[in-house]
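The values are calculated or read from the model by the stated rules, or taken from the named source; none is laboratory data. Please read all numbers here as calculations on a predicted model, not as lab measurements. Glycine also receives a Cβ, built like all others from the backbone with ideal geometry; neighbour counts cover every protein chain displayed.
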């Protein structure tokens, strides 16, 4: 697999406005976009740090994936996303090596990227996303 | 605060050899160093991905911070480390803004960096480290 960099780090937060204030006022980062991803039941805020984005995720529904994550584990880092070249080929390659895929085919994620998630049981507990610009 | 990039992402794993195999064989990254940090009771393995390191952490003692983390939350992402310029000044600045610091003064971390941790209660649940090259 050809991984170039960490595309983003997804962080589950209870209150998006309060979290944005922390990343802006304390860490000095700039929120450049806020986007609702309806099928994931989240509202997201993005910050750029070098090559990598911080993606804050507030659930819009307690039954959504982020709502359930926070109920179970509390606020914190939710997933890690790598930028890859040739996403479909990468998925086929790692599935043949025994990795359990959540998404066998790429689908559309935030910011129009093609994305796919790997199952944490195959990744030492880290919910892992692979991304590629269309 | 002047944050340039994400210096590393710390990931707690139960079995360092098994996790190294995943990052090498599945994600195609190269482990460039293995280091024991005795005062943190961990054995670490490092991978470079673009600007950012993946730091795998296996506890050498169930009573160490990583051993306790895995017991409580399971394997997964443990902390997020930002590279900053002027670490001591950054700590003073954010403490004056009400952030609770775990380390009020920089101390030595892995790879000889000067590091300090912020308390997750001030950072929306993300154990956050600031790093600076000496």
Of the residues in region B:29-43, those that are crowded, with 19+ Cβ neighbours inside 10 Å and either without any contact (Cβ under 8 Å) to a residue 24 or more places away in the chain or under 23 Å from residue B:87 (Cα atoms) (or both) come to none
Out of curiosity, is residue B:26 out of contact with any strand residue (DSSP E or B) (no Cβ under 7 Å at 6 or more places or on another chain) and buried (at least 19 other Cβ atoms within 10 Å of the Cβ)?
-> yes
Mind checking which strands (runs of 3 or more DSSP E) fall wholly inside region A:5-120 and carry at least 3 residues that are under 22 Å from residue B:29 (Cα atoms)?
-> A:52-59, A:76-85, A:114-118
Spot the failing condition for residue B:105; the list is (1) surrounded by fewer than 13 Cβ atoms within 10 Å (Cβ to Cβ); (2) within 12 Å of chain A (Cβ to nearest Cβ), and only one is missed.
-> (2)
Would you check which residues across region A:73-89 are within 12 Å of chain B (Cβ to nearest Cβ) and in contact with a strand residue (DSSP E or B) (Cβ under 6 Å, 6 or more places away or on another chain) and list them?
-> A:75, A:77, A:78, A:79, A:80, A:81, A:82, A:83, A:84, A:85
Somewhere in region B:23-32, is a residue on the phi < 0 side of the Ramachandran plot, at pLDDT below 95 and touching a helix residue (DSSP H, G or I) at 6+ places or on another chain (Cβ under 8 Å)?
-> no
From the residues in region A:55-72 that are within 13 Å of chain B (Cβ to nearest Cβ) and in contact (Cβ under 8 Å) with a residue 12 or more places away in the chain, which one is surrounded by the most Cβ atoms within 10 Å (Cβ to Cβ)?
-> A:57
